[in-house]
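The values are calculated or read from the model by the stated rules, or taken from the named source; none is laboratory data. Just so it is clear, the structure is predicted and the values come from calculations on it, not from any experiment. Cβ placement follows ideal geometry from the backbone for every residue including glycine, while neighbour counts extend to all protein chains displayed. Keep in mind that these areas ignore ligands, DNA and RNA; they rest on the heavy atoms of the full protein, side chains included. Shrake-Rupley method; radii C 1.70, N 1.55, O 1.52, S 1.80 Å.
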Amino acid sequence: MNKLYIGNLSESVTVPELESIFKEWKIPFTGQFLLKTGYAFVDCPDENWAMKAIDTLSGKVELHGKNIEVEHSVPKRQRSRKIQIRNIPPHMQWEVLDGLLAQHGAVETCEQVNTETESAVVNVTYGTKEQARQAISKLNGHQLESYSLTVTYIPDEQAPQQGPEGGRRGFGGRGPPAPGSSAPLKQQFDIPLRILVPTQFVGAIIGKEGATIRNITKQTQSKIDVHRKENAGAAEKPISIHSTAEGCSAACRMILDIMQQEAQATKMAEEVPLKILAHNNFVGRLIGKEGRNLKKVEQDTETKITISPLQDLTLYNPERTITVKGSIEACCKAEEDIMKKVREAYENDIAAMNLQANLIPGLNLNALGLFPPSSSTVPPHPIGVAPATPYGPYMQTSDPETVHVFIPAQAVGAIIGKKGQHIKQLSRYAEASIKIAPAESPDTKQRMVIITGLPEAQFKVQGRIHGKLKEENFFGPKEEVKLETHIKVAASAAGRVIGKGGKTVNELQNLSSAEVVVPRDQVPDENDQVVVKIIGHFYASQLAQRKIREILAQVKHQQQQKVQSSQPQARRK
């Protein structure tokens, strides 16, 4: 993504003038400028310099009385579902941006890109190419708080190589390989190796003008992303390595060697540990029962391995840090064993998702956060295997649900936002109704948030509420956000939620890690409904809610069958 398009040029512009501008602003370029009537193309040494050129020159440098436009050059065949939005107001609330993006289609991901500019930059993936095209058409030049948005495509680098079926990186094709091809029969699961490196070593890993990282990429046949602009001021930066298991390990070895050399040269540290980032969903299986798996890796590799605590996790950061200490040789062997376990867990989850009902039924898997942020999305269903339906076989479509979530009374202002902006944007983004019930008394300690919407809307709204309470420090830095949630069920179905001797509700609590209570002494309301209370952290509460909805769907299905079976008998009489 280092080829640039330079537009809005006067017909009299010359190549030397363009070269002079790049040299004046100290932006390197490779090869010659390709000048056409009104526009030109040029290559930068790497993506970072290309972004620097866009930030520095686009709309800010005048040539022959016209401000030049600089953006990534994207051929039509490489135009994808991904776009980049620049010049976003630095203090803009993200809910406002979410609402703006949602007007043009279904947003799959929205990731902030750290740059040296004052304004913000995000990379956005839409559900379809047409939605991305519409977003570019409508948002480019859109005014936000006196800032004019700049929107461009993020090239689909694989587009020229893909066949007519397209396909997804890392999951193989959607059918048998073409005759004569050497494509492996086994599906390749794209789960990157993510490592943390000390910030002071990032420059050495990248090398002068990117020479070192290019050498690592070439030798190991891998794609390496150094997220050096993430978390400004942080002591460590993440690196994502995309390749085969062997390629990832080889790249990791080369990076460790560089860090060790730098540490010795600068005398900053005697030993540089290997730090691997892994999604929390896979860590339990890496550790194993009573820690047996992890102990075996330590014994086999002669390393010391520690894992960051659960308290460090948030809704927006589901990764844990696995720190490996030992010789470089030992750390590399440990990396192979650790990532083998992680990849096995990932592949098993993918298979389970394709062949069984969803772990949290009724929700889009990509929305659940069950998979690493840098991995490919959930793959298409295997040929001949039907996708799992929400709520097992009992419910093909979802109806809006109403859920009551109880929050600290003093947090109401944070959820509503200034002039109601936060709650309005969240409602629009999630396509849900969100209301805050009046306080029962002046000294009440909790307030009830009434949320009505489809399962995906419930997930988005409740997730944002949990996240907002954490952000606004209504819970301590190491304290888990646990909220009480109420859902109403028909009084006749409450027994099914409890189960014989409390068996069902006990199983539900063990499965979800949430506390589930069906008060036995409560009186049904005017709609003959009773309350089920759920207390737990976000994911635990979501799983419990979905499982209860599944039970209710089964009850409803059985009742409908009874009505249908009784109708012919009534006619025969």
Point to revise | Matching option when the condition is closer than 30 Å to residue 537 by Cα and within 29 Å of the chain's Cα centre (by Cα), among 318, 273 | key: 318
Point to revise | Complete set of residues in the range 465-499 that are without any contact (Cβ under 8 Å) to a residue 60 or more places away in the chain, open to solvent by less than 60 Å² (accessible area, probe 1.4 Å) and part of a helix (DSSP H, G or I) | key: 468, 491, 494, 495, 497, 498
**Study point:** In the range 22-33, the residues that are at pLDDT 90 or above and surrounded by fewer than 19 Cβ atoms within 10 Å (Cβ to Cβ)
**Key:** 23, 24, 25, 26, 28
Check your understanding: Is there any pair linking a residue in the range 399-412 that is under 19 Å from residue 473 (Cβ atoms) to one that is hydroxyl-bearing (Ser, Thr, Tyr) and open to solvent by 10 Å² or more (accessible area, probe 1.4 Å), with Cβ under 9 Å and at least six apart or on different chains, and which?
Key -> 409/444
Exercise for review: Filter the range 440-464 for residues that are crowded, with 18+ Cβ neighbours inside 10 Å and among the β-branched types (Val, Ile, Thr) and give the result.
Suggested key: 449, 451, 461
Review point. Taking the range 276-294, which residues are open to solvent by 30 Å² or more (accessible area, probe 1.4 Å) and touching a Pro at 6+ places or on another chain (Cβ under 9 Å)?
Key: 280, 281
Check your understanding: With (1) open to solvent by 50 Å² or more (accessible area, probe 1.4 Å); (2) modelled with pLDDT under 85; (3) touching a helix residue (DSSP H, G or I) at 6+ places or on another chain (Cβ under 8 Å) as the list, and residue 82 as the residue in question, which single condition is left unmet?
Key -> (2)
Check your understanding: What number of residues within the range 530-548 are over 16 Å from residue 492 (Cβ atoms) and assigned to a helix (DSSP H, G or I)?
Key -> 10
Practice item. Scan the range 292-335 residue by residue and report those that are modelled with pLDDT under 85 and in a helix (DSSP H, G or I). Key: 310, 311, 312
Review point. Among the numbered criteria (1) farther than 20 Å from residue 455 by Cα; (2) crowded, with 20+ Cβ neighbours inside 10 Å, which single criterion is violated by residue 522?
Key: (2)
Review point. What is the one condition in (1) in contact with an Asp or Glu (Cβ under 7 Å, 6 or more places away or on another chain); (2) free of Cβ contacts under 8 Å to residues at least 40 places away in the same chain that residue 246 does not satisfy?
Key: (1)
Practice item. State the number of residues belonging to the range 295-306 that are surrounded by 17 or more Cβ atoms within 10 Å (Cβ to Cβ) and in contact with a strand residue (DSSP E or B) (Cβ under 6 Å, 6 or more places away or on another chain). Key: 3
Point to revise | Flag for residue 101 being more than 38 Å from the chain's Cα centre (by Cα) and buried (at least 18 other Cβ atoms within 10 Å of the Cβ) | key: no
**Study point:** Matching entry among 267, 237, 218 (being out of contact with any helix residue (DSSP H, G or I) (no Cβ under 9 Å at 6 or more places or on another chain) and within 29 Å of residue 28 (Cα to Cα))
**Key:** 218
Exercise for review: Among the candidates 401, 479, single out the residue that is acidic (Asp, Glu) and at pLDDT below 90.
Suggested key: 479
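Collect the residues in the range 211-228 that are under 25 Å from the mean Cα position of the chain (by Cα) and open to solvent by 60 Å² or more (accessible area, probe 1.4 Å), keeping them in residue-number order.
223, 228
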Exercise for review: Need at least 3 residues that are modelled with pLDDT of 90 or more and either closer than 23 Å to residue 52 by Cβ or out of contact with any Ser or Thr (no Cβ under 6 Å at 6 or more places or on another chain) (or both) per element, so show me which strands (runs of 3 or more DSSP E) inside the range 184-264 make the cut, counting only ones lying wholly within it.
Suggested key: 193-198, 236-242
Practice item. Filter the range 416-439 down to the residues that are part of a strand (DSSP E or B) and surrounded by fewer than 20 Cβ atoms within 10 Å (Cβ to Cβ), then identify the one that is nearest to the chain's Cα centre (by Cα). Key: 433
Study note, to complete from the structure: If we ask which residues in the range 270-290 are within 15 Å of residue 200 (Cβ to Cβ) and out of contact with any helix residue (DSSP H, G or I) (no Cβ under 9 Å at 6 or more places or on another chain), their number turns out to be 1
